[in-house]
Amino acid sequence: MTDTRIERDSMGELQVPATALYGAQTQRAVDNFPVSGQRMPVQFIRALLLAKAAAAQTNVELQQLTAGQGQAIVQAVEQLLAGDFIEHFPVDVFQTGSGTSSNMNANEVVATLASRLASEPVNANDHVNCGQSSNDIIPTTIHVSAALALHEQLLPALEHLVQVTEAKSRQVHPFIKTGRTHLMDAMPVRMSQVLDGWAAQVKHAHAQLSATLPALQALAQGGTAVGTGINAHPRFAAGFAQQLSALTQVEFRPGQNLFALIGSQDTAVALSGQLKTTAVALMKIANDLRWMNSGPLAGLGEIELQALQPGSSIMPGKVNPVIPEATAMVAAQVIGNDATIAVAGQSGNFELNVMLPVIARNLLESIELLANASRLLADKAIASFKVNQDKLQEALARNPILVTALNPIIGYLKAAEIAKTAYQQGRPIIDVALEHTELSRERLEALLNPEKLTAGGL
């Protein structure tokens, strides 16, 4: 057959697509794992290729590779990263638990390209994988890809969400709305206080995610098969971290205990937990927006979200809160991803965790989804919503819970009686209080002023 070629590995010969850059071990993985059709994430493969370049540069310095071999490997990586490299990485996420198939996929592809560039042979195992094992390069790549995704995607997106929310808070500061607890009427709040609460949640998420970076930037590289560093130069781990830091502009370092970093995925589990916390915060904000936008006639109708698309295939004129809904679904997915990562994280049996690919996949998906949803929520929901002042004033005028401000003067029981009467008769609280207390209207207007009540105190 002219569309295939014969490749050989330690298990024998195998037919591989004639134009494929990968070799026999990748093809075996393609044949063995037709599970989901999902490839490893682009961010993961990018980090893996950068790791291969860093390893080659280090091995040249340590005289484990010739200068020609090292230069060819680096050039091959650069060539891949400059193009649509993911087509050369067909291995399914649901593969061998160590990620060996993805590691060998990268080794074979880089070796093929490097051999074309070098004046001497470049072998996938002996040269591209020099000083490495799948058991340390894949945990390393999980850390590197997650750290880069945080730096490049999620942390900037959360910063943007905070900036947009705080700017909107300043814009809507004059507006006062009915507060709600248990979804029931409560004391009034400023719209700015609501948005400042959202911004504080996002700031907290940003801070907690940033706090995971030092652990993420500690790498398993140098431990090789079981953590002892067999077949790696004693200075390989330090050199590798230095080279990778230069390539990525993120400061990486060798982990203090390579056994822990190979045998467990505790850092990934911790990061996933913080991603879940971020998802919960975004879910809260999204649901607040949905409730405030509800109606517009039969709901709260306090705000009007930007109309982005028709909301129904059968009900003309209907417009739905699509961005908050999409954000809520992202949050649900991230929460589910965290459950998967928690289960996978406990699969560190003795010297190796054997669910590494699915940890990488779910971790990077959560980061990307949250980053994208944060920007959409900022730009297409929070920045652009309009406040319905008439609805806010109508609800405030009819809110008997304002009587809470009279507690220090007339007592809780008397205030409760006034509130119940106002509810039953559907009358403004000030009119009922005027009838049931000796306070003047002027005094009541001062005590029940919603603007004053948003400031707290007596």
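Throughout, read-outs are computed from the coordinates displayed, never taken from laboratory work. Just so it is clear, the model here is predicted, and its values are computed rather than measured. Note: ideal-geometry Cβ built from the backbone for every residue, glycine included; neighbour counts use all protein chains shown.
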Inset, instruction - Rounded to whole Å and sorted largest first, list the principal axis extents of the Cα atoms in segment 293-371. - result: 61, 23, 21
Legend entry - C-alpha center-to-center spacing [segment 83-120, segment 392-443] in angstrom: 73
Inset, instruction - Divide the volume of the convex hull of the Cα atoms of the chain by its number of residues and quote the answer in cubic angstrom per residue. - result: 183
Inset, instruction - List the extent of the Cα atoms of segment 107-208 along each of their three principal axes, largest first, rounded to whole Å. - result: 76, 26, 19
Inset, instruction - Please list the non-local residues whose amide H lies under 5 Å from the amide H of LEU219, H modeled 1.01 Å from N, same-chain partners needing a gap of 5 or more. - result: ARG253, GLY255
Inset, instruction - Mind scanning LYS276/LYS420; LYS386/LYS414; LYS168/LYS276; LYS168/LYS414 and naming the pairs with a C-alpha gap bigger than 30 Å? - result: LYS276/LYS420; LYS386/LYS414; LYS168/LYS414
Legend entry - Value of [θ]222 nm, deg cm²/dmol, for the chain, DSSP H segments ≥ 4, -39500 (n - 2.57) each, nearest 500: -18000 deg cm²/dmol
Inset, instruction - Order these peptides, 130-141, 278-289, by their mean beta-carbon neighbour count within 10 angstrom, highest first. - result: 130-141, 278-289
Legend entry - Surface/4 estimate of mean projected area, convex hull on alpha-carbon atoms of segment 398-453, nm²: 3.3
Inset, instruction - Measure nothing fancy, just the Cα-based angle from helix 100-117's long axis to the longest principal axis of the chain, in degrees from 0 to 90, nearest 10. - result: 60
Legend entry - Percent antiparallel among DSSP beta bridges (both partners in the chain, rounded to 5): 90
Legend entry - Kirkwood hydrodynamic radius over Cα pairs of segment 4-130, then Stokes diffusion coefficient at 10 °C and 1.306 mPa s, in µm²/s: 109
